[in-house]
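Undergrad: Please see the structure below; I have some questions.
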Amino acid sequence: MMSKLRLSNSNKSIVLVGHMGSGKSTIGKNLSKKLGIDFFDSDKEIELREKIKISNIFSLHGEKYFRNLEEKINLKLLKYKNVVLALGGGAFQNPSVRKVALEKCNCIWLKCSLNLLEQRCNFKKNRPLLENKNIKSELLKLDKIRRKNYSKAHLSINVGGKTKYQVTKELLNQIKLND
């Protein structure tokens, strides 16, 4: 078990990382409510700026354009203090984003099985990296690439088989609010 995260004195933000479908947005909203701090979803911030859905950004401009935009917006969001930020599934692969997040924030990896991810991604169809592909094999490929960087987070928590309330409670127990 890793040491508890300290929030009160540092004003550090909490950054949630993990695969698409791991619950970063859902858990992030719930956690921010419990902590009484603002929540940002980097994918939603990108859509607000571009005024179109991420899947449309991918189809109109390609992944490279999206990743450049994602980097710029995430580096801006990572400057905020004392917020909860859900990063897109691939954002932590960016060395600049990862470096700033690890240095300036408390990074938490929301882990879950590939079977659960597959179920969740089958349910929600707005996943451009999975479009017209075998979801399970694509998630397996992404996991092989991304796991190494996700594991660099300061804390990891398995979210499988738990409600958002259970995960939030477990996270709150891991976060040391007062010295």
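The values are calculated or read from the model by the stated rules, or taken from the named source; none is laboratory data. As the structure is a prediction and not an experimental result, all values here were calculated from the model. All Cβ positions, even for glycine, are placed from backbone atoms using ideal geometry, and neighbour counts span all protein chains on display.
Undergrad: Looking at (1) surrounded by 14 or more Cβ atoms within 10 Å (Cβ to Cβ); (2) more than 22 Å from VAL167 (Cα to Cα), find the lone condition where LEU60 falls short.
TA: (1)
Undergrad: Something else now. Starting from the stretch 30-47, keep only residues that are over 16 Å from GLY90 (Cα atoms), then list their pairs with residues that are among the charged types (D, E, K, R) and assigned to a helix (DSSP H, G or I) whose Cβ atoms are within a distance under 7 Å, requiring at least 6 positions of separation or different chains.
TA: Listed by first residue and then by second, the contacts come to ASN30/LYS164; PHE39/LYS29.
For every residue, the table says whether it meets (1) under 15 Å from the mean Cα position of the chain (by Cα); (2) under 17 Å from ILE175 (Cα atoms); (3) among the β-branched types (Val, Ile, Thr).
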| residue | (1), (2), (3) |
| --- | --- |
| LEU35 | no, yes, no |
| GLU47 | no, no, no |
| LYS76 | no, no, no |
| GLY88 | yes, no, no |
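Per-residue answers, yes or no, for (1) crowded, with 21+ Cβ neighbours inside 10 Å; (2) at pLDDT below 95; (3) under 21 Å from ILE37 (Cβ atoms):
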{"site": "ASN82", "(1), (2), (3)": "no, yes, yes"}
{"site": "LEU85", "(1), (2), (3)": "yes, no, yes"}
{"site": "ALA101", "(1), (2), (3)": "yes, no, yes"}
{"site": "ARG127", "(1), (2), (3)": "no, yes, no"}
{"site": "GLU138", "(1), (2), (3)": "no, yes, no"}
{"site": "ASN158", "(1), (2), (3)": "no, yes, no"}
{"site": "GLU170", "(1), (2), (3)": "no, yes, yes"}
{"site": "ILE175", "(1), (2), (3)": "no, yes, yes"}
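Undergrad: Residue by residue through the stretch 138-179, note down the ones that are within 18 Å of SER13 (Cα to Cα) and polar (S, T, N, Q).
TA: Across the stretch 138-179, the qualifying residues are SER156, THR168, ASN173, GLN174, ASN178.
Undergrad: I need a count of the residues in the stretch 140-156 that are in contact with a helix residue (DSSP H, G or I) (Cβ under 9 Å, 6 or more places away or on another chain) and at pLDDT 85 or above.
TA: The initial filter retains those residues of the stretch 140-156 that are in contact with a helix residue (DSSP H, G or I) (Cβ under 9 Å, 6 or more places away or on another chain), namely 140, 142-143, 145-146, 149-150, 152-156.
In the following step, the residues that additionally are at pLDDT 85 or above were identified as 145-146, 149-150, 152-156.
So the answer is 9.
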